[in-house]
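Trainee: Structure incoming, see below.
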Amino acid sequence: MKRFLKGFLCGMLTTSMMLVVALTVGQFSGYIDLGAAWNRTDQDSTMKREVKQKASTIEKYIDAYYLDDINKDKMENSIYKGIVNGLGDDYAEYYTAEEYAEIMEKTSGTFYGIGAYVTQNTDTGAITIVKPMKNSPAEKAGLKAGDIIYAINDERVSGKDLSAVLAQIKGEEGSKVKLTIVRSRENDYLTFSVKRAKIQEDTVSYTMLNDKIGYIQITGFEEVTPNQFSTAVNALEKEKMEALILDLRDNGGGLLKSAVSMLDRVMSKGMVVYTKDKQGVSEKFYAEDVKHVSVPMAVLVNGNSASASEVFSGALQDKKKAKLIGTKTFGKGIVQTIFDLQDGSALKMTTSKYYTPSGRNIHGTGLEPDIKVELDKSTVGQKDKNGKLKPDNQMQKAIDYLKGQIKG
């Protein structure tokens, strides 16, 4: 089965992962038979007979002389990964069945676990909770930001691979997991029994600012995001918002279908993005809903706004539905497709380019903001006398711009 992996994948990595996390759209295109490819003798084949013969010779030397035990599964997966790496495509990858299942889980935005974000220190290997999700089992159990996970079900995990730790914490809904925690200023270990539950990632948050300016922050374009976005827009409209800020800063992208669905809520009918493959075949995507936001809008972007974020922002900019405010976006204008293989593994590679409605492909260049504003880090996290968070300077620029639009 052919699938769009997160629509457009930004390719940027983060050390922060969700404890229990889980993509996708597409059509079937068939399976890839590497054995058949190896046996092809024509000059244009990807894998010629000589490649198979050489691989067989190397295998014989290893079988005869290699000192230690051989993990054959690891060797086979290394061959497949090596073939894909040879493409020179930064976004191409071969996934084992286990890796693919994990990716599929992460992209849905819905999963079973305790609901917390964690990070792993690259030097010490310590796994620390960044924050529990609101109303999650982790928060209800008393886990806090800064807690270090020392053991899971009495098995020490410090220094273990983060993916393996996440797998230990995952489990069936209603089952419990025991976490041993190291907490600052506590002399002894703390133990928590956390009941696993169905978790839905919060990819959208919103509030009404002064002057009836709505504010929506979108952290990713996952399967759950369109419904969360629609809820936010509806709530702000009920509060009679007169303008809207959409914050896509540090949003690395997500599903194409989610971005298109959300554009449907803020744009009138028309094409919002199209793609072209190596044969020049084009696929067009449209906003189709008559009902859409009609107030002035501004979109906050920065160098980490990538892929689906750029699809979303580029469409609004092309159609003059919103002003982009901030700094130039990441610049990822290519599409990756996933091909399911028969054994549960998968192949991902770049298969097409995407274009904004006006025909722009911004790969390697990014979207230029209509109003350029560098972030003043000293304005981040500032609070007023009542303890309320103040807008940073980029957000304030958006507020000032929209005030002028409302008055006009």
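The values are calculated or read from the model by the stated rules, or taken from the named source; none is laboratory data. Note that the structure is a prediction, hence the values are computed from the model and not measured. No Cβ is skipped: glycine too gets one built from the backbone with ideal geometry, and neighbour counts run over all protein chains shown.
Trainee: Scan segment 169-199 for residues that are assigned to a loop (DSSP other than H, G, I, E, B) and among the basic types (Lys, Arg) and jot them down.
Mentor: Passing the criteria: Lys170, Arg183, Arg185, Arg196.
Trainee: In addition: Could you please give the count of residues in segment 259-295 that are of a type outside the set (D, E, K, R), more than 15 Å from Ala315 (Cα to Cα) and in contact with a strand residue (DSSP E or B) (Cβ under 6 Å, 6 or more places away or on another chain)?
Mentor: 2
For every residue, the table says whether it meets (1) at pLDDT 95 or above; (2) crowded, with 19+ Cβ neighbours inside 10 Å; (3) of a type in the set (Lys, Arg).
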residue: Lys278; (1), (2), (3): no, no, yes
residue: Glu288; (1), (2), (3): no, no, no
residue: Gly333; (1), (2), (3): no, yes, no
residue: Gln342; (1), (2), (3): no, no, no
residue: Ala346; (1), (2), (3): no, yes, no
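Trainee: Taking into account only those residues within segment 189-204 that are of a type in the set (A, V, I, L, M) and in contact with a Lys or Arg (Cβ under 8 Å, 6 or more places away or on another chain), which is farthest from Asp147 (Cα to Cα)?
Mentor: The residue in question is Val194.
Trainee: While we're here: Only residues that are within 18 Å of Gln200 (Cα to Cα), small (Gly, Ala, Ser) and modelled with pLDDT under 90: list them for segment 138-187, please.
Mentor: Within segment 138-187, Ala167, Gly171 qualify.
Trainee: Are any residues in segment 136-159 over 21 Å from Lys198 (Cβ atoms), part of a loop (DSSP other than H, G, I, E, B) and under 28 Å from the mean Cα position of the chain (by Cα), and if so, which ones?
Mentor: Passing the criteria: Lys144, Ala145, Gly146, Asp147, Val157, Ser158, Gly159.
Trainee: Write out, first by first residue and then by second, each pair whose Cβ atoms fall under 8 Å of each other, whose residues are 6+ apart or on separate chains, and whose first residue, in segment 53-65, is assigned to a helix (DSSP H, G or I) while the second is not aromatic (Phe, Trp, Tyr).
Mentor: Once the first residue is assigned to a helix (DSSP H, G or I) and sits in segment 53-65, its partners that are not aromatic (Phe, Trp, Tyr) give Ala55/Ile79; Ile62/Ile70; Asp63/Ile70.
Trainee: Next question, about the same structure. In segment 276-292, which residues are closer than 19 Å to Pro357 by Cα and assigned to a loop (DSSP other than H, G, I, E, B)?
Mentor: Gly280, Val281, Glu288, Asp289, Val290, His292
Trainee: Give me the strands (runs of 3 or more DSSP E) completely within segment 320-363, filtered to those with at least 1 residues that are in contact with a strand residue (DSSP E or B) (Cβ under 9 Å, 6 or more places away or on another chain) and farther than 30 Å from Leu402 by Cβ, ordered by residue number.
Mentor: Where strands (runs of 3 or more DSSP E) fall fully within segment 320-363 and carry at least 1 residues being in contact with a strand residue (DSSP E or B) (Cβ under 9 Å, 6 or more places away or on another chain) and farther than 30 Å from Leu402 by Cβ, they are 334-340, 346-355.
Trainee: Restricting to segment 293-319, what's the tally of residues that are part of a loop (DSSP other than H, G, I, E, B) and either farther than 21 Å from Thr275 by Cα or of a type in the set (Asp, Glu) (or both)?
Mentor: Summing the residues that are part of a loop (DSSP other than H, G, I, E, B) and either farther than 21 Å from Thr275 by Cα or of a type in the set (Asp, Glu) (or both) in segment 293-319 gives 7.
Trainee: Would you confirm whether any residue within segment 104-122 is outside any helix (DSSP H, G or I), over 21 Å from the mean Cα position of the chain (by Cα) and modelled with pLDDT of 90 or more?
Mentor: No.
Trainee: Hey, another quick one. Please go through segment 364-377 and pick out each residue that is out of contact with any Asp or Glu (no Cβ under 9 Å at 6 or more places or on another chain) and either among the hydroxyl-bearing types (Ser, Thr, Tyr) or in a loop (DSSP other than H, G, I, E, B) (or both).
Mentor: Once the filter is applied, which keeps residues that are out of contact with any Asp or Glu (no Cβ under 9 Å at 6 or more places or on another chain) and either among the hydroxyl-bearing types (Ser, Thr, Tyr) or in a loop (DSSP other than H, G, I, E, B) (or both), segment 364-377 yields Gly364, Thr365, Glu368, Pro369, Asp370, Val373, Glu374.
Trainee: Okay, next question. Within the group Ile399, Ile362, Ile325, which residue is touching a Lys or Arg at 6+ places or on another chain (Cβ under 6 Å) and among the hydrophobic types (A, V, I, L, M, F, W, C)?
Mentor: Exactly one residue qualifies, and that residue is Ile325.
Trainee: Has segment 41-49 got any residue that is in contact with a strand residue (DSSP E or B) (Cβ under 7 Å, 6 or more places away or on another chain), at pLDDT below 85, surrounded by fewer than 17 Cβ atoms within 10 Å (Cβ to Cβ) and assigned to a loop (DSSP other than H, G, I, E, B)?
Mentor: Checked against the condition, which is being in contact with a strand residue (DSSP E or B) (Cβ under 7 Å, 6 or more places away or on another chain), at pLDDT below 85, surrounded by fewer than 17 Cβ atoms within 10 Å (Cβ to Cβ) and assigned to a loop (DSSP other than H, G, I, E, B), segment 41-49 yields no hits at all.
Trainee: Say whether the condition of being assigned to a helix (DSSP H, G or I), closer than 25 Å to Phe221 by Cα, out of contact with any strand residue (DSSP E or B) (no Cβ under 9 Å at 6 or more places or on another chain) and not aliphatic (A, V, I, L, M) is met by at least one residue in segment 93-103.
Mentor: Yes, because at least one residue in segment 93-103 is assigned to a helix (DSSP H, G or I), closer than 25 Å to Phe221 by Cα, out of contact with any strand residue (DSSP E or B) (no Cβ under 9 Å at 6 or more places or on another chain) and not aliphatic (A, V, I, L, M).
Trainee: While we're here: Counting only residues that are within 20 Å of the chain's Cα centre (by Cα) and part of a strand (DSSP E or B), which one in segment 200-219 is modelled with the lowest pLDDT?
Mentor: Gln200
Trainee: Can you spot a residue in segment 383-400 that is closer than 24 Å to Val311 by Cα and β-branched (Val, Ile, Thr)?
Mentor: Yes.
Trainee: Right, something else. Using beta carbons and a limit of 6 Å, which pairs, at least six apart or on different chains, have the first residue in segment 377-394 and surrounded by 10 or more Cβ atoms within 10 Å (Cβ to Cβ) and the second one of a type in the set (Lys, Arg)?
Mentor: Within 6 Å, the pairs are Gln382/Lys390; Leu389/Lys383.
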